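See below for the structure under consideration.
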Amino acid sequence: MRQQILAVIFSFIVINCFGQIVTSNFTEFDECETEMFFVQVEQKPIFSSDTTALSGYFNQLVSRSENLKNFSGKIFLGIVIFEDGRPCCKSFSDLSGAKIDPIIFKDAVNKMPYWTPAKQQNIPITFVLNIILQFKEGHVVNL
């Protein structure tokens, strides 16, 4: 039931972000089970002190993947950042229609270095981060 609600919420966000219904390859993963999470907090999670680090991380992924070297399009990721900073890919949506394998992104997110966790009242909490990666000719151009 919770997964169905999350799928509806993520679909609603995607539709609203682009102002139209888009055909997407939506995949939800079960590895990120959590009883409770936040979507709005006092202090968001931090991947690194370098603001380009997350783009750089995904650009490294693209450079190692033959399927993504010339890829152009948008990918929507739902990432759970646990209290200890561990990232886990909760959902994937390919907004390009290019039929990208969601496992490439799931594995990349699940192998990320730990984040500085989100905090509410200075206490680390579980947070769901939604990001849209825009690729152009195999490079992240907007994050």
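The values are calculated or read from the model by the stated rules, or taken from the named source; none is laboratory data. Keep in mind the model is a prediction, meaning the values are calculated, not measured. All Cβ positions, glycine included, derive from the backbone under ideal geometry; neighbour counts span all protein chains shown.
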Which residues, taken from segment 105-143, are in contact (Cβ under 8 Å) with a residue 12 or more places away in the chain, β-branched (Val, Ile, Thr) and either touching a Pro at 6+ places or on another chain (Cβ under 9 Å) or exposed (fewer than 13 other Cβ atoms within 10 Å of the Cβ) (or both)? Val109, Thr116, Ile125, Thr126
Considering residues of segment 35-51 that are at pLDDT below 85 and acidic (Asp, Glu) only, the residue surrounded by the most Cβ atoms within 10 Å (Cβ to Cβ): Asp50
Counting just the residues of segment 52-104 that are β-branched (Val, Ile, Thr) and touching a residue at least 12 places away in the same chain (Cβ under 8 Å), which one comes out surrounded by the most Cβ atoms within 10 Å (Cβ to Cβ)? Ile81
